[in-house]
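Colleague: Let me give you the structure first, and then I'll get to my questions.
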């Protein structure tokens, strides 16, 4: 537990809550060198239960922070969804198999891993890259906001008092009660239980040992403190939405069963006994989401005292009949009432923000909560206003999906109260597309699912300062006009130059080879989350004179002492420290020598010689096939294209190889030349977020 | 540093030396639960320099211990070898490119990583699986062997006194001298420097602080204590072989150069200035092996005082002319005199063994030392007598290769003193094949190199108790007859049932899908080094009635209360704890339900239900293609085959799916029924090694 030794502290960012949303944000800050503190009222991280699905986009983000491989190795991989429905005699039968992650959409697939492990990866990553440590057993107890200071980005409008809790206070009551018990009871964090924040606060104030306090002044604050967010309460914001009558139980067990698809993700609709979702997990565990028939509440809160693991199991047994289900090991269990709620506001003066469950809650079965919570943050640095639409999309999807899943299957087309299983399957597929966080970006990579055009897509940023596309930013975003006020600065992408890369969406990944050592890399592996912007030059086939001319022309412009590359790079820093230029050419690897290319594309350093890690080629590898980058990106190798990519891997701009002027205008709309920044050590990404 | 608190200790295995060979052995022991101690006279592990090539077979072994991914991520991957030779004007030109690892031979390729990191992976792995810790600054000072106790496997014929060194003594003199210096001087461990073992020993005896001693009684001892092995000296064994006149320098630098292939592995022969080998490494480093012209010794020891990094660099500059080479950062450097030596004996009464450099030394450029040293151990548990031939093969290869590499290129076919570059290229390719540790096993997987039939192969065990193949074990091994004395017990494989799996060689790997969750796995990933034997049943297409009949017949035999499966499994232990049965069938995944297969192939446990991790299928995956296991293994899906695999992934036996009697005879030739083992907790693998 922290000692709040100094009476007052100043920070750039104060994060309240160290669940996945708070940790992801702290992790981002650890890479950008921003002065950050993160506090959590609990004394420990979670050890069992809790959210655990990781979508492929989440794994891509983890990889940009260098720890996707840990999640990938330890997790259970879900490959196939089996749909089970009643046959004409009312007996459940497997009616369909669909891939869990759409083939071709990502180099990762959806996996399942316990939240405690994921928090561990974040903690290790934060520790490796910064001095930020999670201060546990620490609660904010007062909040003041001085609006007059909000205009100056360097001022501290936020004042928060932090208070240390005792070990006992910081441990949730029900967790204490079950210490040493075989089964971990998750009800205390369920929405069926009252929040204990007030209890903890009261106890802290009364307890004489808990008298350590500290005043923290912050430039920014982010509330990642869950559905009962203390930060949200200070802001006076509301979660809007409602609960349903449906109560679901959750069991994490090692199943003993003759149900054949217990290691597949399954959606099982029984004729009259309700539904079960099967989520196979690591360490032989399976998570079952089980609809509880006996607890339909008729609009009110359910009585949680009646809910036990045994009664949840009995419900599952009825639904799975004639298959048998039992267990001798239960790792965790809980129950919850389905509801979808989304915040009425997301920020106070763009200085205090909400993220994760603090601003959107929904049912866990869609497997999205943790993923969207974490992705809130990844987008925070550049583009918080777009959250709102994405959060609303999630809530809308969840609302439809939950009702489809909780409903009784239709007996036939005349059965209007029943749920059409065809509709359910379509919703499931749409959900997966949404869940991937990727959507239409990779439309050209889809080869298995011809219905992909019908799928509404996930994260697709509207036009803004940071996303140069056609259309009106107000319509595409949340109603806030985030495009440049100065129309002369507005840059519009030439989307027709690539059918596989979509401005506003994440850069899809294919394999390319390093020109210098022939090693294959997934292009995304080159786009680490270290705060850098990237210009990727798809130079085309450089044995074509015209292509080489365009590429050389761009090289000259970039090399100029007044180029945007030099203008935004702090003096004395490597030329790639703010904007990194990568090349992917389309000829054969052996037809080109790196040192024949313009120097700016493989910069020279006095101590390290040439840079061998900037030029790549779309060619056959020795051991891992041919990435077919140009084909997959839909870029003509006789013409090429250039792409600007944000630090979070989203595509900002697309144009001709040598559209230097557009690149220049794009960056100058929001970046500040280093000469103006004087000696302030503010990373560029932080500047961006305040525009 | 250890406190040798108790005056006497008893261990199963005492390992002297904690380099890669010693650590690999300790790691094996950590998985088998064998009481082991490992001591090293040095106070720390190495931090720079030292051997660093990892062959693909070594990575396969690492993967069987669950840490290949760490090496794979951190290392530099070498994909291509570029050969540079003088053109007709004597100017060096790139004359050829060849793949560094033969495509298709393994799922890994050759990589380069600093030995210190590899030792770290071993240390972490040992710690995770056992209480074994490396005792540093501890030296054996006396050795006694009581031959009368060697007959009883449970007796302790070995008595060794261990003595604690002080921190100062345990730090090599030259390492002390360069502490704080920018460049790490590796000469002190080179064969140009006298050994300091005696100095350390003398110092230890004199120093009053170094008076902690302990007597250790051991059943087995293994000397992994390097070229100057103390253990070898106690045994009175000799290293036989000789040195050459060639002196080579080694530089680990970040190169500043216009040589185009500096990030490729290169073999550069200049016309008259000597040769350079380029080994690109992690962290922008490149290792250069540089032939030193000015130090040809004429048979004697070279004068190492004349060797400096600057003079090594100058030699490299001459060889690389007209390209420029310089550096501003040097991480490590050394020099050595080429020589190849191999031990005259490998063991004393099969109780004391030598491994690694203690028993074979050679030049580092072949990139084999650490790999063969580590593989010594992996084969130790089951089959130490085969070392000898492999070590001799390595030495022979190295001898030819070193001379080819150190020689001057032939000017033309009339130039008899010069080296033919064609011959050199062939040798290089053979070397890679040898180095892979795989050789002809995967002949059917080779599609790029049609000359593969000409390549002499690497580890291919001769006939023995543990390798059921035709021919005479004496001829195939080292002259020791290791086949069963009882001819009626001799089992011979039906090699014709598979063209891709070779008895005596390591099991090649292809992807198969788990029947229960559709997840693709490389077959080798299922063969973890946990001491288990495996029977893999390639059941063929199970929709074929005859195939299903054979498979069911085998299932019945295996299920019988007297089957070898039950007979060698300790009472109360899971049925797969000594011999694990895996199935790979050839139908489609969806045509089979796991629970329709005989129970023994997916055993039921009262607490964990059915085992979902034993049955696999050769079918198309959603995201990773089709492994084509039957095609690659050359097994007829209409007939199938069964394979017995040793705990170290080598193939022992191959026969018909339901050749139960041959399997039974194979195991009964060396395994002891659990009833005879009474309550002794001796792992089966240890029993095996003493037969």
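Colleague: Out of A:329, A:289, which single residue is touching a helix residue (DSSP H, G or I) at 6+ places or on another chain (Cβ under 9 Å), more than 30 Å from residue A:157 (Cα to Cα) and in contact (Cβ under 8 Å) with a residue 24 or more places away in the chain?
Modeller: Going through A:329, A:289 in turn, the sole match is A:289.
Colleague: Limited to region B:130-189, what total is found for residues that are out of contact with any strand residue (DSSP E or B) (no Cβ under 9 Å at 6 or more places or on another chain), at pLDDT 70 or above and in a loop (DSSP other than H, G, I, E, B)?
Modeller: So the count comes out to 4.
Colleague: Let me ask another. Take residue A:570 and decide whether it is within 14 Å of chain B (Cβ to nearest Cβ), assigned to a loop (DSSP other than H, G, I, E, B), touching a residue at least 24 places away in the same chain (Cβ under 8 Å) and surrounded by fewer than 20 Cβ atoms within 10 Å (Cβ to Cβ).
Modeller: no
Colleague: Any residue that is part of a helix (DSSP H, G or I) and within 25 Å of residue A:633 (Cα to Cα) - is there at least one of those in region A:528-541?
Modeller: No: zero hits.
Colleague: Which residues, taken from region B:606-624, are more than 30 Å from the chain's Cα centre (by Cα) and within 11 Å of another protein chain (Cβ to nearest Cβ)?
Modeller: B:606, B:607, B:608, B:609, B:610, B:611, B:612, B:620, B:621, B:622, B:623
Colleague: Here are the criteria: (1) within 14 Å of chain B (Cβ to nearest Cβ); (2) more than 30 Å from residue B:330 (Cα to Cα); (3) buried (at least 17 other Cβ atoms within 10 Å of the Cβ). Tell me which single one residue A:591 does not satisfy.
Modeller: With (1) within 14 Å of chain B (Cβ to nearest Cβ); (2) more than 30 Å from residue B:330 (Cα to Cα); (3) buried (at least 17 other Cβ atoms within 10 Å of the Cβ) applied to residue A:591, the lone miss is (3).
Colleague: Could you grab me the full set of residues in region A:64-111 that are within 11 Å of chain B (Cβ to nearest Cβ) and part of a strand (DSSP E or B)?
Modeller: If the condition is that a residue be within 11 Å of chain B (Cβ to nearest Cβ) and part of a strand (DSSP E or B), then A:76, A:77, A:80, A:81, A:82, A:94, A:97, A:98, A:99, A:111 are the ones that fit.
Colleague: Can I ask one more? Among the residues of region B:625-638, which ones are away from chain A (no Cβ under 14 Å) and on the phi > 0 side of the Ramachandran plot?
Modeller: Scanning region B:625-638 gives B:628, B:634.
Colleague: Please specify each residue of region B:511-529 satisfying the condition of being within 14 Å of chain A (Cβ to nearest Cβ) and touching a strand residue (DSSP E or B) at 6+ places or on another chain (Cβ under 9 Å).
Modeller: B:511, B:512, B:513, B:514, B:515, B:516, B:517, B:518, B:519, B:520, B:521, B:522
Colleague: Within the group A:278, A:250, which residue is part of a strand (DSSP E or B) and within 14 Å of chain B (Cβ to nearest Cβ)?
Modeller: Exactly one of A:278, A:250 is part of a strand (DSSP E or B) and within 14 Å of chain B (Cβ to nearest Cβ), namely A:278.
Colleague: Could you say whether any residue in region A:543-562 is more than 14 Å from chain B (Cβ to nearest Cβ) and within 24 Å of residue B:72 (Cβ to Cβ)?
Modeller: The answer is no, given that none of the residues of region A:543-562 is more than 14 Å from chain B (Cβ to nearest Cβ) and within 24 Å of residue B:72 (Cβ to Cβ).
Colleague: Which count do you get for residues in region B:9-41 that are at pLDDT below 90 and surrounded by fewer than 20 Cβ atoms within 10 Å (Cβ to Cβ)?
Modeller: 1
Colleague: Just need a number here: residues in region B:594-605 that are more than 9 Å from chain A (Cβ to nearest Cβ) and in contact with a strand residue (DSSP E or B) (Cβ under 6 Å, 6 or more places away or on another chain).
Modeller: Residues flagged as more than 9 Å from chain A (Cβ to nearest Cβ) and in contact with a strand residue (DSSP E or B) (Cβ under 6 Å, 6 or more places away or on another chain) within region B:594-605 amount to 2.
Colleague: Also: Say we look at region B:262-275 and pick out the residues that are touching a residue at least 60 places away in the same chain (Cβ under 8 Å) and within 14 Å of residue B:100 (Cα to Cα); which of these is nearest to the other protein chains (Cβ to nearest Cβ)?
Modeller: B:264
Colleague: Here are the criteria: (1) surrounded by fewer than 23 Cβ atoms within 10 Å (Cβ to Cβ); (2) part of a loop (DSSP other than H, G, I, E, B). Tell me which single one residue B:516 does not satisfy.
Modeller: Failed condition: (1).
Per-residue answers, yes or no, for (1) within 15 Å of residue A:604 (Cα to Cα); (2) more than 36 Å from the chain's Cα centre (by Cα):
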site	(1), (2)
A:541	no, no
A:550	no, yes
A:561	no, yes
A:567	no, no
A:573	yes, no
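Colleague: Show me the strands (runs of 3 or more DSSP E) entirely contained within region A:576-656 in which 1 or more residues are modelled with pLDDT of 95 or more and under 27 Å from residue B:96 (Cα atoms).
Modeller: Because the criterion is at least 1 residues that are modelled with pLDDT of 95 or more and under 27 Å from residue B:96 (Cα atoms), the strands (runs of 3 or more DSSP E) in region A:576-656 that meet it are A:579-585, A:615-617.
Colleague: Within region A:214-224, does at least one residue satisfy the condition of being outside any helix (DSSP H, G or I), crowded, with 19+ Cβ neighbours inside 10 Å, at pLDDT 90 or above and within 14 Å of chain B (Cβ to nearest Cβ)?
Modeller: Looking through region A:214-224, none of the residues is outside any helix (DSSP H, G or I), crowded, with 19+ Cβ neighbours inside 10 Å, at pLDDT 90 or above and within 14 Å of chain B (Cβ to nearest Cβ).
The values are calculated or read from the model by the stated rules, or taken from the named source; none is laboratory data. As the structure is a computational prediction, the values presented were derived from the model and not from experiment. In this analysis, Cβ positions are derived from the backbone assuming ideal geometry, glycine residues included, and neighbour counts consider all displayed protein chains.
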